[in-house]
1. So what is the calculated 222 nm ellipticity per residue for chain B, using -39500 (n - 2.57) for each DSSP H run with n of 4 or more, over all residues, to the nearest 500 deg cm²/dmol?
2. Check the straight Cα-Cα distances from B:K223 and name the aspartates and glutamates below 19 Å, setting aside those fewer than 8 residues away within the same chain.
3. Any idea what angle helix B:312-323 forms with the longest principal axis of chain B, computed on alpha-carbon atoms, 0 to 90 degrees, nearest 10?
4. Residue separation times 0.36 nm, minus the C-alpha to C-alpha distance between A:E342 and A:D300: what's the value?
5. For A:K175, go through the aspartates and glutamates and keep the ones whose alpha-carbon is under 16 Å away, minus same-chain ones fewer than eight residues off.
6. Taking neighbour counts of Cβ atoms within 10 Å as a proxy for exposure, in what order, fewest first, do A:E87, B:E193, A:E56, B:E233 appear?
7. Any chance you could run the full-extension gain for B:A125 through B:K50? It's 0.36 nm times the residue separation minus the Cα-Cα distance, nm to one decimal.
8. Tell me the angle of helix B:60-73 to the major Cα principal axis of chain B, expressed in degrees between 0 and 90 and rounded to the nearest ten.
Amino acid sequence: MSNPNNVSLNINHDLEFIDGHALTIPTLSILTEEGDIHPSATAPTISKHTALKLYETMRFIRLLDERMQGAQRQGRVSFYMQCLGEEAAVTASAAALDQNDMIMAQYREQAALHYRGFTLDQFMNQMFSNELDLGKGRQMPIHYGSKELNYMTISSPLGTQIPQATGYAYGQKVKHIDAKTGELASTIDNVTICYFGEGAASEGDFHAGLNMAAVHKAPVIFFARNNGYAISTPAEEQFKGDGIASRGVGYGIKTIRVDGSDALAVFAATQKAREIAATQGEPVLIESIAYRLGAHSTSDDPSGYRSKDEEANHKVCPIDKFKKWLIKQDWLNEEDDAKAKEAIREDILAALKRAEKVQKPALEELISDVYDTPIPSLTRQYNDLKAHIKQHPDAYPITAGRIK
Amino acid sequence: MAKMNMLHAINSALDITMNEHPQACIFGEDVGYFGGVFRATSGLQEKYGKHRVFNTPLTEQGILGFANGLAAFGAPALAEIQFADYIFPAFDQIVNESAKFRYRSGNEFNVGNLTVRTPYGGGIAGGLYHSQSPEAYFAHTPGLKIVVPRNPYQAKGLLRASIKDDNPVIFFEPKRLYRASTGEVPEDDYTIELGKAEVVQEGTDITLLAWGAQMEIVENSAKQAHEQGISCEVIDLRSILPWDVETIAKSVTKTGRLVISHEAPITNGFGAEIAATIQQECFLHLESPIMRVCGLDTPYPLALEKEYVPDALKVMAAIKQSMDF
Ligand SMILES: Cc1ncc(C[n+]2csc(CCOP(=O)(O)OP(=O)(O)O)c2C)c(N)n1
């Protein structure tokens, strides 16, 4: 029965409360640890090209993460965040999208960006905040973004991208709506995927974003990476009830939970989610479960809040699992894989050295992009600053030499 | 007395409070067992239990809404916002709720038991979202008190006073100095009166005014100035709201010159309020226009932080300009 309160009035005469865990959502799993398809599962259709690209992206990101973790310890970059344990969740979801779908990420999704074609040098230039960084050296390392690749530049405040993704996706849909009937006239050509952690799902923006998407039917795929921790806070201190997935259901959004260490499960779920968003013009929520194997960032030490035993219990390598499947398909062999890894390691080191040598952005970049053109007070401040630096060039070595 | 850094001093003030009031609660993101990302609350969960020192879900809006309720109940609510940059999701709860609880209810209810601690400011290569100094946004809101300490001794005494104060207080902690600034701090309880500036160094030619981490910078400039024969009076404002007009006006009446320095962007920064008030109070005593050395009107940058920041050299240039006026 439907009524003006928009709830089902299923009259009952027992005084009964529904438990927070009443909704238990299953987890889609397709690949076994050995790289076989579970007997009762159906593998998604994935081309050799896509499967290999997916694997190569994960392999690359693992090596990049390892090297940059090290580079941070050597003091060469100020900060880094790896995605150890979540490579499949991020890469396989990105692989299931169209290249022109919008990606609005949290910060641990460098693999999705690389899948899109962000080059090694582009990664390095951002991390070294040099003048070739697309973000002009303004944000901390890992705050990537690229208009060309439809990857919205990362913002540090958590959750802010969630309602934005709803709005962006709504924009993608509006042009497909028949002006007369108000109905969707065709499949939506591009949709939005929005990544966030289970921690960020506590922010007010999460609730606002999901509710708006559900009510206004925005074609957005909410991709919750439930990796068990928000910095030191374990999931059980973050939320009650059955994960983030149950929230999607609560908001009236089609929802699925997947094993985030299983590239094929994530690929299949995201492919289907995209189809729903694009053809039905409505949101979908995917909750991926993949333990965060590494530290939160280079600024923290997980030994302070979780035991080695706990970590050992979760040591599923999503990359190895997928690799085993690829080998069984005869699409990959160990020898080529080992050779490729060596070559990538060398490339990474060379790119790191290149980016380190590129100079920092010019002084003008301090005041550009605050507005479309600098307002008078900024121009005044810039001229004063320039004069000051000219008088004391030794104190401002990064910019002094280049001031005209 | 014991040698402490600022984190120890803050921890000590919290410890005393937890001992003093059986319902006092410390909460925020990662503050529980982990002790907060800067470790200001280290050891307190072990000491006072999980029901009084706890991690919250990741929701600043929730933290402040919860804190308002807890404080309205009458328990000391010691909320932490992990970085001042992330206080904005809680802006409504602070500006419309904490600040107006007492006024709108005719003092039927109030949240005087609320203290919000949050690390602010730059100098840690944190870029846009780990470096902001948002004190001026809150200084426009009647009903709040705003406090910024400059060293461990000040931090403990001012934090204890903030907690004891019967108004909601936002306590901005200069994160650059958390470990960098150390000094002798009494292990026992003490307070430093809110709303009072401190004359840190007496002088005759010009007054330098700052707060928090910027104090170190202006003290440096005062040394440079001294070498050039200029005698600076250096004042730490300590409380942004309410602020100590009298001490500043008295100093400027004596020296005839004032340089104000803060990290936040210059336009509508709190320095603007000070300049306007002191101009009115001291008009006939001023020998030169009041100068401000502040952040630029841009978001806080990363690569060009040195250029952006009001450093000692820029303060020195302002001192000279004022002296030569
Ligand atoms: C609004 C806001 N509050 C706090 C922070 C500080 N912070 C950065 S990452 C993080 C934890 C996020 O955890 P989660 O969303 O689960 O993602 P994960 O790091 O596990 O991938 C916190 C608290 C922030 N960036 N933004």
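No value in this document is a laboratory result; all are computed from the given coordinates. Predicted model only: the values in this text are computed from it and were never measured. Virtual Cβ from ideal backbone geometry, glycine too; neighbours counted across all protein chains shown.
1. Computed mean residue ellipticity for chain B: -10000 deg cm²/dmol.
2. B:E198, B:E202, B:D205, B:E233, B:D236, B:D311, B:D324
3. The two axes meet at around 50 degrees.
4. Additional length available on full extension: 12.2 nm.
5. Cross-link targets: A:D101, A:E183, A:D189, A:E282.
6. Placing the least packed residue first, the sequence is B:E193, A:E56, B:E233, A:E87.
7. Full extension of this stretch gives 23.6 nm more.
8. Relative to chain B, helix B:60-73 is tipped by roughly 70 degrees.
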